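S.K.: Take this structure first; my questions come after.
The values are calculated or read from the model by the stated rules, or taken from the named source; none is laboratory data. What you see is a predicted model, and the numbers here were worked out from it, not measured in a lab. Methodologically, a virtual Cβ is constructed for each residue, glycine included, from the backbone with ideal geometry; neighbour enumeration extends over all protein chains shown.
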Amino acid sequence: MIGSKKKPEQGKISTASMPDIIFMLLIFFMVSTVFREYRGIPVKIPSTVNAQKIEGKRNIAYCYIDVSERISVDDKLMTPKEVTSIMYLKRTSNPRVVISMKIDENCKNDIVDKVQRALQEADARRIVYATKTR
Amino acid sequence: MLNKPEKKKEDINASSMADITFLLLVFFLVTTTVSSDKGIKFVLPQKADDVTPTKIKGVVNVFLNDDNQVLIGKKGKEEEVSIQQVKSKLMLLDREIASQGDSIIVSIKVTSGSLYKNYVEILDQVKSAKIDRISLAQ
């Protein structure tokens, strides 16, 4: 026969745009990532029906209280008086700060009240009782 | 004369860029934590040194004691209920108060020895009853 048989063209998916797609994903994750600064102490937070989502991750300050009545803010154990001073600083540097209270469900309300008074003293009055959705 | 050899164009090899970005992407994927901050929002009252007692209508007291028993009702007419009944009781009282032309205010009073989870449970029930006016007595 004259001429050679044409080889059937192989269908290949072009991967040229793959780096662009990966780049886009990368940028998305870079922008949305907020690094966790503090670990806190282990607490078992209560569960409720009406747990609302808190917006603005960057405005949240955490305050942990565990069963043995240890108070932890920014990974430092402190007394209610120290809570006042640190929360006052947070409040002045960011007026939109929301304090997320991660309190163990078996805590007594006594210590909760003490910390709340400390927060009132610091004028950091917007708080959230951290809970799980039931 | 001999022909000058053509200068070769030098390109930076970009084929490994995809791999590098992939690596970065995986790093951010792993470190990102999906926000799961949920809770019951509450605004503490302003610090007041001298609290003057005021007469407001429509106040419903909710007491929680050291034995985690709950008393609920208007002043002087409180009765004991279980925590799960707080919502239905509040809705009843809300309707009753609304029919008198007032709006309900829930005043929560907890003793220092009561458990935090019961306090949160009461708050949750109040929110379930769609009542926003909450006062926290200390």
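S.K.: Would you point out the residue of the stretch B:84-104, among those that are aliphatic (A, V, I, L, M) and surrounded by 17 or more Cβ atoms within 10 Å (Cβ to Cβ), that is nearest to B:P45 (Cα to Cα)?
M.R.: B:I104
S.K.: Give just the number: which of (1) of a type in the set (S, T, N, Q); (2) away from chain B (no Cβ under 13 Å); (3) buried (at least 19 other Cβ atoms within 10 Å of the Cβ) does A:T79 not satisfy?
M.R.: With (1) of a type in the set (S, T, N, Q); (2) away from chain B (no Cβ under 13 Å); (3) buried (at least 19 other Cβ atoms within 10 Å of the Cβ) applied to A:T79, the lone miss is (3).
S.K.: Same structure, new question: When you go through B:I131, B:I108 one by one, which is the residue that is of a type in the set (A, V, I, L, M), in a loop (DSSP other than H, G, I, E, B) and touching a strand residue (DSSP E or B) at 6+ places or on another chain (Cβ under 6 Å)?
M.R.: Working: B:I108 fails: in a loop (DSSP other than H, G, I, E, B).
Being of a type in the set (A, V, I, L, M), in a loop (DSSP other than H, G, I, E, B) and touching a strand residue (DSSP E or B) at 6+ places or on another chain (Cβ under 6 Å) holds for just one of B:I131, B:I108, which is B:I131.
S.K.: With the checklist (1) more than 21 Å from A:C107 (Cα to Cα); (2) within 13 Å of chain A (Cβ to nearest Cβ) in hand, flag the one item B:R95 doesn't pass.
M.R.: (2)
S.K.: Based on this model, can you work out whether B:K47 counts as outside any helix (DSSP H, G or I), at pLDDT 80 or above, surrounded by 10 or more Cβ atoms within 10 Å (Cβ to Cβ) and out of contact with any Lys or Arg (no Cβ under 6 Å at 6 or more places or on another chain)?
M.R.: no
S.K.: Determine which member of the set A:A51, A:A122 is farther than 25 Å from B:T33 by Cα, among the aliphatic types (A, V, I, L, M) and out of contact with any Cys (no Cβ under 8 Å at 6 or more places or on another chain).
M.R.: Selected residue: A:A122, the only one of A:A51, A:A122 that is farther than 25 Å from B:T33 by Cα, among the aliphatic types (A, V, I, L, M) and out of contact with any Cys (no Cβ under 8 Å at 6 or more places or on another chain).
S.K.: Any idea which of (1) under 24 Å from B:Y116 (Cβ atoms); (2) within 11 Å of another protein chain (Cβ to nearest Cβ); (3) surrounded by fewer than 17 Cβ atoms within 10 Å (Cβ to Cβ) is the one A:I54 doesn't satisfy?
M.R.: With (1) under 24 Å from B:Y116 (Cβ atoms); (2) within 11 Å of another protein chain (Cβ to nearest Cβ); (3) surrounded by fewer than 17 Cβ atoms within 10 Å (Cβ to Cβ) applied to A:I54, the lone miss is (3).
S.K.: Now, a different point. If I ask for residues that are outside any strand (DSSP E or B), at the interface with chain A (Cβ under 10 Å from one of its Cβ atoms) and surrounded by 17 or more Cβ atoms within 10 Å (Cβ to Cβ), which ones from the stretch B:111-128 would you list?
M.R.: The answer is B:S114, B:Y116, B:K117, B:N118, B:Y119, B:V120, B:E121, B:L123, B:D124, B:Q125, B:V126, B:K127.
S.K.: Continuing with this model, one more query. So, in the stretch A:18-47, of the ones that are among the β-branched types (V, I, T) and either surrounded by fewer than 12 Cβ atoms within 10 Å (Cβ to Cβ) or facing another protein chain (nearest Cβ under 9 Å) (or both), which residue ends up nearest to B:A14 (Cα to Cα)?
M.R.: The qualifying residue nearest to B:A14 (Cα to Cα) is A:I22.
S.K.: May I ask you to say which residue of B:G73, B:G101 is of a type outside the set (A, V, I, L, M, F, W, C), modelled with pLDDT under 90 and assigned to a loop (DSSP other than H, G, I, E, B)?
M.R.: Values: B:G73 fails: assigned to a loop (DSSP other than H, G, I, E, B).
Sole residue among the options that is of a type outside the set (A, V, I, L, M, F, W, C), modelled with pLDDT under 90 and assigned to a loop (DSSP other than H, G, I, E, B): B:G101.
S.K.: Kindly state which strands (runs of 3 or more DSSP E) lie completely within the stretch A:29-134 and contain at least 1 residues that are in contact (Cβ under 8 Å) with a residue 40 or more places away in the chain and under 15 Å from the mean Cα position of the chain (by Cα).
M.R.: A:60-65, A:98-103, A:126-130
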